[in-house]
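For reference, the structure discussed in these notes is given below.
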Amino acid sequence: MIYETVAAVDLGSNSFRLQVGRVVDDQIYPLDSLKEPVRLASGLTPDKLLDTAAQDRALEALRRFGERLGGLDAGAVRAVATNALRVAKNAVEFLPRAEAALGFPIEIIAGREEARLIYIGASHSLPTASHKRLVVDIGGGSTEFIIGKRHQPQLMESLYMGCVSYTLRFFPDRRIDKRRLREAQVAAAKEIELIAHEYQSLGWKEAVGSSGSARAIADVLELNGFNPGGEPGITREGLERLCSMLVKAGSAEALDLPGVRSDRLPVLPGGVAIMSAIFEELDLERMTYADGALRLGVLYDLLGRFHHHDMRDSTVSQFMRRYQVEADQAERVQATALAALAQLREVAPDDPEAQFLNWASRLHEIGISVAHNAYHKHGAYVLTYADMPGFSKKDQARLAMLVLGHRGKLEKLARVPMDDGNWHLIFCLRLAVLLHRTRDDRNLPAWRVKATATGYQIDLPPDWLDANPWTAAALGEETQVWRQVGREYVVKSRASRKAA
């Protein structure tokens with residue numbers, strides 16, 4: 001389905017932002033935006049727990065966003081959370097409360113997925129160009145670096161340093177002196193040094209900053225004439241002058257300059273230190289600014305899904321190639337699993353459950369490239385920890401669970417609630433894998449499945465089980481596997497109606 005109005009929610013480590021847009025001819029035009037300086041990262045305790053005050057600020061902001069989003073369909077809204085919730089140990093407990101306040105699901109995305117979406121947003125807000133661009137986004141808890149061309153990112157990285165975390169670490173009492181500023185710059189430079197060679201080897205023609213820190217720094221430099229010749233954006237000379245003035249003032253609050261927004265002041269020192277290190281390590285002289293960033297990228301990525309250009313499909317195909325999955329077998333399993341799901345319940349063309357079953361079917365054998373023994377465990381591990389563009393961490397965990405559950409005992413999934421819809425997907429995937437154990441194109445029997453009050457039932461044609469003793473034995477073993485988790489698994493012949 002294509003929506004006329006779409007919305008993106010960015011649960012950043014510094015600010016929460018909402019962007020509502022109108023879709024016209026594959027372009028998105030801004031309708032409304034909201035910003036709340038939640039400072040989520042400042043609520044992370046030393047042992048990486050999100051404190052109560054930060055959670056309360058977040059929930060209050062999300063309730064306001066939820067009011068603005070009222071009436072929009074779930075498919076028209078995508079909410080993503082970044083570094084603060086990536087590292088918070090109690091994010092799992094907090095997330096259901098946050099989703100209830102917002103009224104929509106929230107995805108915690110990986111650093112490189114954040115980088116990909118940032119680049120998409122930045123590239124759509126810049127003039128079309130054929131050259132490569134370096135896009136840098138200093139967030140509250142992480143900084144993303146992307147080299148890309150047109151709307152396609154080519155190299156992506158996310159480093160664990162941000163304007164909030166660095167301000168708290170190096171300027172805890174908000175005092176700024178030359179020693180503290182240099183320590184912050186050196187710490188950032190050490191992080192950037194790890195990626196500098198690869199980025200400089202690929203190269204770029206234009207450096208672009210996006211999001212709040214870059215915008216705040218650019219505003220100060222431009223409005224106060226710190227850039228040589230009145231250049232727009234950020235320059236090395238302008239940054240050096242700003243650093244000198246921060247040290248001279250002794251704090252960001254004492255910096256009496258036009259263009260310094262009050263909501264940005266508390267985290268300006270950390271942002272300036274990181275930006276200075278970026279210029280130094282990547283040998284930059286100037287950087288332009290892009291209005292578009294994560295939120296716009298989320299909107300355009302959502303628009304791509306409407307037009308069946310879903311990045312997740314591309315990622316699954318790439319993983320199949322990378323892990324040398326036997327495509328013919330994956331297609332057999334996929335077709336049978338989806339056919340089973342269609343018998344269990346009505347499946348719409350864009351059904352998200354069918355979509356996950358589709359991906360799990362195509363990826364269920366990726367672990368074989370690691371080792372055949374317990375390959376489902378290897379596959380689940382890869383899907384849990386690999387960078388998968390387009391997928392949230394929650395999506396990856398779900399895929400990993402399906403792949404882990406497609407063979408072997410089911411006790412390992414004991415934490416999945418009995419009424420969880422994922423059991424349908426697990427049943428369909430396991431049945432499809434079992435029926436295609438011969439790994440060839442022989443015709444399957446005219447099988448039927450249905451959900452019962454206590455589990456599942458499979459109906460097979462007369463005498464088929466007798467003619468296929470290997471599969472019959474496997475189905476018998478499957479009955480015992482499901483019984484161990486308290487579910488019925490009945491195999492019947494439509495002629496005799498006797499349990500096999």
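The values are calculated or read from the model by the stated rules, or taken from the named source; none is laboratory data. Model, not experiment: these values are computed from the prediction. Positions of Cβ are backbone-derived with ideal geometry, glycine not excepted, and every protein chain shown enters the neighbour counts.
Residue count for region 281-309 under the criterion of being among the acidic types (D, E), assigned by TED's automatic domain parsing to the domain that holds G238 and surrounded by 17 or more Cβ atoms within 10 Å (Cβ to Cβ): the result is 1. Residues in region 116-153 that are closer than 30 Å to R64 by Cα and either touching a Pro at 6+ places or on another chain (Cβ under 7 Å) or outside the structural domain of E285 (by TED's automatic domain parsing) (or both): R116, Y119. Take the conditions (1) under 22 Å from the mean Cα position of the chain (by Cα); (2) small (G, A, S); (3) part of a helix (DSSP H, G or I); A330 misses just one of them, which is (1).
Checked against the criterion of being among the acidic types (D, E), outside the structural domain of C163 (by TED's automatic domain parsing) and part of a strand (DSSP E or B), the candidates D56, D47, D32 yield just one match: D32. Within region 253-275, the residues that satisfy the criterion of being surrounded by fewer than 23 Cβ atoms within 10 Å (Cβ to Cβ) and of a type outside the set (D, E) are A254, L255, L257, P258, G259, V260, R261, S262, R264, L265, P266.
With (1) under 20 Å from L303 (Cβ atoms); (2) over 21 Å from the mean Cα position of the chain (by Cα) as the list, and V20 as the residue in question, which single condition is left unmet? Condition not satisfied by V20: (2).
Restricting G259, G250 to those that are in the same structural domain as G162 (by TED's automatic domain parsing), on the phi > 0 side of the Ramachandran plot and modelled with pLDDT under 90 reduces the list to G259. The combined condition, being hydroxyl-bearing (S, T, Y), modelled with pLDDT of 95 or more and under 18 Å from the mean Cα position of the chain (by Cα), is fulfilled by Y381.
One residue alone among R362, R345 is closer than 27 Å to N443 by Cβ, charged (D, E, K, R) and under 23 Å from the mean Cα position of the chain (by Cα), and that residue is R362.
Helices (runs of 4 or more DSSP H) wholly in region 370-443 with at least 1 residues that are touching a strand residue (DSSP E or B) at 6+ places or on another chain (Cβ under 6 Å) - which ones?
Hits in region 370-443: 393-404, 422-435.
Of the helices (runs of 4 or more DSSP H) lying entirely inside region 77-194, the ones with 2 or more residues being touching a Leu at 6+ places or on another chain (Cβ under 8 Å) and under 18 Å from G297 (Cα atoms) are found at 111-125. Taking the conditions (1) more than 25 Å from Q457 (Cα to Cα); (2) of a type in the set (V, I, T); (3) touching a residue at least 24 places away in the same chain (Cβ under 8 Å) in turn, V403 satisfies each one other than (1).
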